[in-house]
1. Quick test of your reading of the structure: residue 275 fulfils all but one of (1) within 15 Å of ligand 1 (Cβ to nearest atom); (2) in contact (Cβ under 8 Å) with a residue 12 or more places away in the chain; (3) surrounded by fewer than 16 Cβ atoms within 10 Å (Cβ to Cβ). Name the failing condition by number.
2. Kindly list, by first and then second residue, each pair from a residue in the range 192-208 that is more than 23 Å from residue 154 (Cα to Cα) to a residue that is of a type in the set (Ser, Thr, Tyr), limited to pairs with Cβ atoms under 8 Å and residues at least 6 apart or on different chains.
3. Among the residues of the range 113-168, write down those that are within 16 Å of ligand 2 (Cβ to nearest atom) and either closer than 27 Å to residue 248 by Cβ or at pLDDT below 95 (or both).
4. May I ask you to list pairs of residues, at least six apart or on different chains, whose Cβ atoms are under 9 Å apart, with the first in the range 143-166 being closer than 24 Å to residue 132 by Cα and the second being of a type in the set (Asp, Glu) and away from ligand 1 (no atom under 12 Å from the Cβ)?
5. Identify all residues within the range 273-285 that are among the aliphatic types (A, V, I, L, M) and within 15 Å of residue 298 (Cα to Cα); write none if there are none.
6. Give the range 246-270 a look and list any residue that's within 16 Å of ligand 2 (Cβ to nearest atom) and surrounded by fewer than 19 Cβ atoms within 10 Å (Cβ to Cβ), or say none.
7. Determine, yes or no, whether residue 282 is surrounded by fewer than 20 Cβ atoms within 10 Å (Cβ to Cβ) and within 12 Å of the chain's Cα centre (by Cα).
Amino acid sequence: MLEYIDLRYRPGKDDVVTQYYAEPDGVSFEKACEQIAGESSIGTWTAISTMNEKIAKRLKPHVFYMDKKSGIIKIAYPSELFEFGNMPDILSSIAGNIFGMKILKNLRLEDISFPKAMIRSFKGPGFGVNGIRKLVKKRKSPLLGTIVKPKVGLDPEQHAQVAYEAWMGGLDIVKDDENLTSQRFNQFEKRVDKTLELRDKAEKWTGEKKIYMPNVTAETNEMIRRAEYVKSLGGEYMMIDILTVGWAALQTMREMDLGMVIHAHRAMHGAITKNPKHGISMLTIAKIARLIGVDQLHIGTAVGKMEGSPAEIEAIEDEIEDDLIHPNKSQHVLEQRWQGVKPVFAVASGGLHPGLVPELIDILGTNIIAQFGGGCHGHPDGTRKGAMAIRQAVDAELKGIPLPEYARTHLELLKALHKWG
Ligand code: CAP
Ligand code: MG
């Protein structure tokens, strides 16, 4: 009989460590812990004749912490259990069958910590925060962007024109929406041609670096083809809906080493992260995305239309940006030493408008990419003025001037505040 619970065990440097929240259904908490540890590693529902002491000794996990009251369990898995550099394999173990076991009412993977050697088996971000700041030529202030709206519906010319207006109004970045790929009325290649053409024009007129992030999300080979197309036209970025394409596809895009920045949109994360008792935390998803190697990741806004408490979002931001070893600083559940893996740029997007800028910067700081969709194109005087209002709000905040005061001499901001508060 295998026994996984060992509260005296201390995780070693080669262990993968996970933290779960678990609610048993009809069994004791101890039994639930045993089953979670077993099903996610070498066990099954009953003792088996094919198991032997040798396998068990080498590969068995240890439940080294459990607290019935809070439902928290921590498990250390020997890293030999997993194929390095293979994220689907790792997740099929520690985030696989266990979510479907009848003996659990709820189960949530709250956090995960990877050992150094496993971290090294993934590429990590190619650019990271510093690489992107160098590319955009903005050293300190937040990078400002918009999402072309309506999400889907414009043709390539209209799309490019909206992008142009946003750049001319002062934004650094324009991106496609998560559900715009290559629709019949807005084909990928045509859109990229037109939009990059107007990007060049906007750069010429403004003297500023302008970024376009085309959504390459598709079947993997098609995604590669689209990314290569963007690169052939002088585009530096690709946007990927990382959860709908899947981790293996994302990993392929990173391993291709195209020398392009990867912007990670997290569409569908709510299906996995939203229930606080079940699923996988956004923190865990963010760690996996960083390990595979996205450069920018949507983490929520704390103040906008989407899910996520300020504390949770700050913790995720800290985690994806932490490239140093701060043994005591971590607010996270499990400490992970990233050892030189580049930090990821945090993207705040969803329901943002100029009036929310002070609160946003107060919570997340200035080392963020802030994106305004409706909060740009919904401006009473259109996209360009909307972009101007956003830039004015950020300028005011960086100068320490209250928005209503700054708006007295900045009409675009005044109109935005009037509309959205
Ligand atoms: C923002 C956005 C983003 C969501 C995603 C949108 O537009 O482009 O996809 O915010 O949320 O379509 O809604 P708005 P998250 O500025 O018009 O809201 O970053 O939390 O995953
Ligand atoms: Mg969107």
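1. (1)
2. The qualifying pairs do not exist here.
3. Those that are within 16 Å of ligand 2 (Cβ to nearest atom) and either closer than 27 Å to residue 248 by Cβ or at pLDDT below 95 (or both): 147, 151, 152.
4. Hits for this filter: 143/172; 144/172; 145/172; 160/193; 160/197.
5. Start the filter on the range 273-285 by keeping residues that are among the aliphatic types (A, V, I, L, M), which leaves 280, 282-283, 285.
Matches in the range 273-285: 282, 283, 285.
6. Those that are within 16 Å of ligand 2 (Cβ to nearest atom) and surrounded by fewer than 19 Cβ atoms within 10 Å (Cβ to Cβ): 267, 268, 270.
7. no
Matching residues to (1) closer than 18 Å to residue 147 by Cβ; (2) surrounded by 24 or more Cβ atoms within 10 Å (Cβ to Cβ); (3) at pLDDT 95 or above:
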{"residue": "347", "(1), (2), (3)": "yes, yes, yes"}
{"residue": "356", "(1), (2), (3)": "yes, no, yes"}
{"residue": "363", "(1), (2), (3)": "no, no, no"}
{"residue": "379", "(1), (2), (3)": "yes, yes, yes"}
{"residue": "391", "(1), (2), (3)": "yes, no, yes"}
{"residue": "394", "(1), (2), (3)": "yes, no, yes"}
{"residue": "405", "(1), (2), (3)": "no, no, yes"}
{"residue": "414", "(1), (2), (3)": "no, no, yes"}
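The values are calculated or read from the model by the stated rules, or taken from the named source; none is laboratory data. The model shown is predicted, which means the values in this text are computed figures rather than measured ones. Virtual Cβ from ideal backbone geometry, glycine too; neighbours counted across all protein chains shown.
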